[in-house]
Each structure stands twice: as C-alpha cells, then as structure tokens.
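A.B. asks: Quick one: this structure, given as structure tokens, is what I'll be asking you about.
The values are calculated or read from the model by the stated rules, or taken from the named source; none is laboratory data. Everything quoted here is computed from the prediction, not taken from an experiment. Here the Cβ is made from the backbone with ideal geometry for all residues, glycine too, and neighbour counts use every protein chain on show.
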Amino acid sequence: MAMEARLSLRQSQRVVMTPLLQQAIQLLQLSTLELQEVVQKELLENPLLEEVTPDVPETPADAPVTADSPPAPTVEPLTPEAPPTTERQTDELPFDFTAYMSADDDHEERSLVSQEDREDQPFENVVRTQVSLTDHLEEQLRFASEDAAVRRIGTEIIGNLDEDGYLRAENEEIAQRCGATTEEVARVLTLVQGFDPPGVAARSIQECLLLQLKRDPLPDPVSVEIIEAHFDDLSRRRYPDIARALKLPVDRIMESVEEIMGLEPKPGRRFGGNDSRYIVPDVYVYKLGNEYTIVLNEDGIPRLRVNSLYRSLLRNSGVDEARQYVEQKLRSALWLIKSVDQRQRTLRKVTQSIVKFQREFLDRGLPHLRPLSLRDVGEDIGMHESTISRVTTNKYVETPQGLFELKFFFHSGIASGDGEMVSSVSVKKMIQDLLAAEDPAKPQSDQEVAQALQKRGLTIARRTVAKYREELGILPSHQRRLAPRKR
C-alpha cells in the first residue's frame, strides 16, 4: 500500500483547562480554613492585591444589593478619581526599624517578633503534644538497633501499621520495597513485636493476644493453648467443648478466659484516642420563625481589591516590560477575586437546595433524613453533578440538628412498605437502636434484625443488615456475646 502525505481540515470542540480555570475549580474544593491560607498567600505574592479595611468604602454608593448576594470579596472600580495621597497606609513597620538598625554589633541579637509589645504566653495554655504510635515505635527502633538495614525494614513495618497497631502488609511486600529477603523481614518483625505496647505489629487478633500472653516470662499454658488451638471455640463461647478437648474442668477454663478478657485487642488505641480535632463550619443554618436562614462563615477571609497604586502605574506606564508584568498580575488578581466570589455564591446555592430537600430532617431529626443525590441538587440549581461534588467536599454546616459534613446529606434510599423512600442513614440509625436495646445475653442475629425492620415496613435483606452493621462498627452476634465485661 503506497504512503502519501495528505492535508485535511477538521473541526472539533474540547475543554482546555487553563491555569486560571484550574485555580477556580480548586477553590471550590477548599474548606474555609484552606481558603484563608490561599488568599493570604496570594496577598503576599501578588502586589496588585490588597485587603480592604473596614473604614474604606468597598463599593460605590449606587451599587445594587440583593438579598441572595453574600458579602463576597469585591474589586474597586478602575476610576481615575482616587486621590494619590491615600493609596496605601502600609509604610509603617510593626517594629522600630531605626532602633534595630542602629543597635550595637555586640548587642545580643533579638528577633523582630521579640520586639513586639505582647504579653507572655500563660503556662497553662501550653498543650502537651500527643505522641503518635509511629513516633513511639520509631524511637524504640532507634534504641534497639544501629544497623541501617534493620532500621529501614523496621521503619517500613511501622509505616504499614493501622491505627489499632495491626500490620496490614505481607512480609513479601515489605521485602520487595526494602530490597531484603523475607527471612530478614521476619526477624525484624519479631523485633518490632517486642516493642511497647504489647501486641503491636500483629497480623490478627489471635496473634495479638498471643504476643501479650507470651510477654509474661511464665505465661499460663492453658491460656496460650486456648488461643493457639481453640480460638474459634473461644470466640463462640464454647467453653464446655474447650474443657473436653483439654480434659480440664470448666472452672479452670473460665480462669483462663478471664485472663484473656483482660488483654487489649487494640494495642494502638491509647495513642490515637486523645487527638482532638476542631471543625470550623463553613455554613451556618439558623431557624428564624418558620424559615431557615443561611449564613456563610467568612471570618478570616479578607475582602480583596486591586491596589490603586499599581492601577495608576498601569495607566501611566510606557515601558513594555513593566506594563506586561502589571497586566499579568492584574488578570491574576481579578480572577482570584472572581473565583472566591463564585465559590461563595455556589456554596450558598447548594446549601439552600440541601435545606429545601432536607427540611423534614432539620425540623424533626435523623429518622426523617430523606434520600438525596448530587443529581437532584444539580438539577434544582442548574449545575453539573461534578460541581456539586466539589463544592460539598470538606465543607461542614452547623444546623439546629448539629454539625454535619455537606456530603452527609447525600445518601441512597430504601423503599418502605408505603412506597416512600427511606434514607440509608435512617436505616442505620434504626439498626443501631435495635442492637443497643438488645439483651446482652441473647444478641440479635442479622436475620432477626431484618425481621424487626420488616415489621416497621422496611423490606431489607439480611446481607444488607450485615453490611450496615459492619459500617457502624458493631460486631456479629456471636462475638457480641464475647464482649469484655465491664470491670
């Protein structure tokens, strides 16, 4: 077949993601605290941006004000009437520059922060840093061995522990990453499993309990044998079967069971339980009379405008390089102001739509949460699902029912007996309430829970009940019988 060169014309459409468009999309996904950081960074890097002070008029007197317009960042109009004598009052430095420059060379150097007039921090405000499980184990690893290969493998093992202290990687995988053999990984794993807390780096709860028992120089042989050879019977509380297999009285078996019950099934629990997280709501929903009012949280988000000094420079500059630089920064500043404004408006519209759909939940609580999808909200406000997904990411709303992530309101539904759809969150709440009220001596099985829900008009399969129970972190019925007794 002969090859030939051919010239053809083709017309097509495609979306080009410019850097400015990428910035606008990124701003949609940021929380309020993250947006504050981005705006502050732009204020430092872009000389055309400046923060509007409360005593400076931000908009013309004849600017229209609408009820659904949030107090978004504004840009001052490019008018030549701005007096040059009041451009910026930022020439005053926050410290005595003359005294700092004229200080003697042999004088003890002081930081600029130390020269500020401020009160000393109270001692009671100093919070002790919570040591993580990783830091705790890596410190022990540094004292345990000076071999670089051992430390490298040990660090990889510690890095693959979950928050409960269990190892979630195979020896072969760790060996491949570290360029070592599985035998070397096994030796280092034995070393790490000897660290504090007891039972750390186990691959299963059975191994975790064994590690804790064998930490004792003289462990109870009956307890060890029960976990090694009869762990399934132990988890199902088949104590007579264990007694018959070991040819021991049931009372002797129960002594070992009591010892096993006193062990810690989650060794890493004490390192992560006290980590306090503080969430700043992005939106507030208040009930005023019979209506709900939405207020955006704009604390800490500066009001932005274009600096008038550089505007005048742009008008009067005749140098091409300087003009190009100012024009580039001007476009970036105007786009940031527009993007922040658009983010706030979109967040308000999405929240208003969610409040409209979830009015019953706001009035009456969790059992009345209705199923909702991103498409429902998108069709309601005329936006694409991807935009709704981005604007609800990492955003929290404070409502009369409590603090929730915006994505909390989007859930699938289950058909009830009367044909209405019930939110999966409401079904989980029903399951949680049923299991919380059960008799500890006779826990309900998943099938019994499904039958109880069916009496309430919800036809739900047993496997769906098991799925929701696992998502709630509730053990199966045979393991709930084995739950440790409160001491």
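A.B. asks: Only helices (runs of 4 or more DSSP H) wholly contained in the range 228-326 count here; list those with 1 or more residues that are at pLDDT below 90.
C.D. replies: Per the criteria, 231-235, 250-261, 269-272, 308-316.
A.B. asks: So, in the range 164-181, of the ones that are assigned to a loop (DSSP other than H, G, I, E, B) and surrounded by 15 or more Cβ atoms within 10 Å (Cβ to Cβ), which residue ends up farthest from the chain's Cα centre (by Cα)?
C.D. replies: 180
A.B. asks: Run residue 161 past the list (1) buried (at least 20 other Cβ atoms within 10 Å of the Cβ); (2) within 30 Å of residue 441 (Cβ to Cβ) and report the number of the one that doesn't hold.
C.D. replies: (2)
A.B. asks: Identify all residues within the range 210-234 that are surrounded by fewer than 16 Cβ atoms within 10 Å (Cβ to Cβ) and among the small types (Gly, Ala, Ser); write none if there are none.
C.D. replies: If the condition is that a residue be surrounded by fewer than 16 Cβ atoms within 10 Å (Cβ to Cβ) and among the small types (Gly, Ala, Ser), then 229 is the only one that fits.
A.B. asks: Between 389, 353, which is within 21 Å of residue 288 (Cα to Cα), at pLDDT 85 or above and in a helix (DSSP H, G or I)?
C.D. replies: After applying the criteria, what remains is 353.
A.B. asks: Quick check: is even one residue across the range 348-367 surrounded by fewer than 21 Cβ atoms within 10 Å (Cβ to Cβ), in contact with a Pro (Cβ under 7 Å, 6 or more places away or on another chain) and either touching a residue at least 40 places away in the same chain (Cβ under 8 Å) or closer than 22 Å to residue 281 by Cβ (or both)?
C.D. replies: Scanning the range 348-367 turns up at least one residue that is surrounded by fewer than 21 Cβ atoms within 10 Å (Cβ to Cβ), in contact with a Pro (Cβ under 7 Å, 6 or more places away or on another chain) and either touching a residue at least 40 places away in the same chain (Cβ under 8 Å) or closer than 22 Å to residue 281 by Cβ (or both).
A.B. asks: Here's a follow-up. Mind listing whichever residues of the range 425-451 are surrounded by fewer than 19 Cβ atoms within 10 Å (Cβ to Cβ), of a type in the set (Gly, Ala, Ser) and either closer than 14 Å to residue 465 by Cβ or in the same structural domain as residue 358 (by TED's automatic domain parsing) (or both)?
C.D. replies: 445
A.B. asks: For the list (1) over 37 Å from the mean Cα position of the chain (by Cα); (2) in contact (Cβ under 8 Å) with a residue 24 or more places away in the chain; (3) surrounded by 14 or more Cβ atoms within 10 Å (Cβ to Cβ), I need the number of the one condition that residue 252 fails.
C.D. replies: Result: residue 252 passes all but (3).
A.B. asks: Quickly run through the range 36-48 and pick out the residues that are of a type outside the set (S, T, N, Q) and either farther than 16 Å from residue 337 by Cβ or surrounded by fewer than 20 Cβ atoms within 10 Å (Cβ to Cβ) (or both).
C.D. replies: Residues satisfying the conditions are 37, 38, 41, 42, 43, 44, 45, 47.
A.B. asks: I would also like to ask the following. In this structure, is residue 208 more than 30 Å from residue 234 (Cβ to Cβ), at pLDDT below 95 and not assigned by TED's automatic domain parsing to the domain that holds residue 473?
C.D. replies: Spelling it out, it is not the case that residue 208 is more than 30 Å from residue 234 (Cβ to Cβ), at pLDDT below 95 and not assigned by TED's automatic domain parsing to the domain that holds residue 473.
A.B. asks: I would also like to ask the following. Determine, yes or no, whether residue 460 is over 29 Å from residue 351 (Cβ atoms) and touching a strand residue (DSSP E or B) at 6+ places or on another chain (Cβ under 8 Å).
C.D. replies: Against the criterion (over 29 Å from residue 351 (Cβ atoms) and touching a strand residue (DSSP E or B) at 6+ places or on another chain (Cβ under 8 Å)), residue 460 qualifies.
A.B. asks: Ok, one more. Determine whether residue 233 is in the same structural domain as residue 169 (by TED's automatic domain parsing) and under 23 Å from residue 476 (Cβ atoms).
C.D. replies: Here the answer is yes, as residue 233 does meet what is asked.
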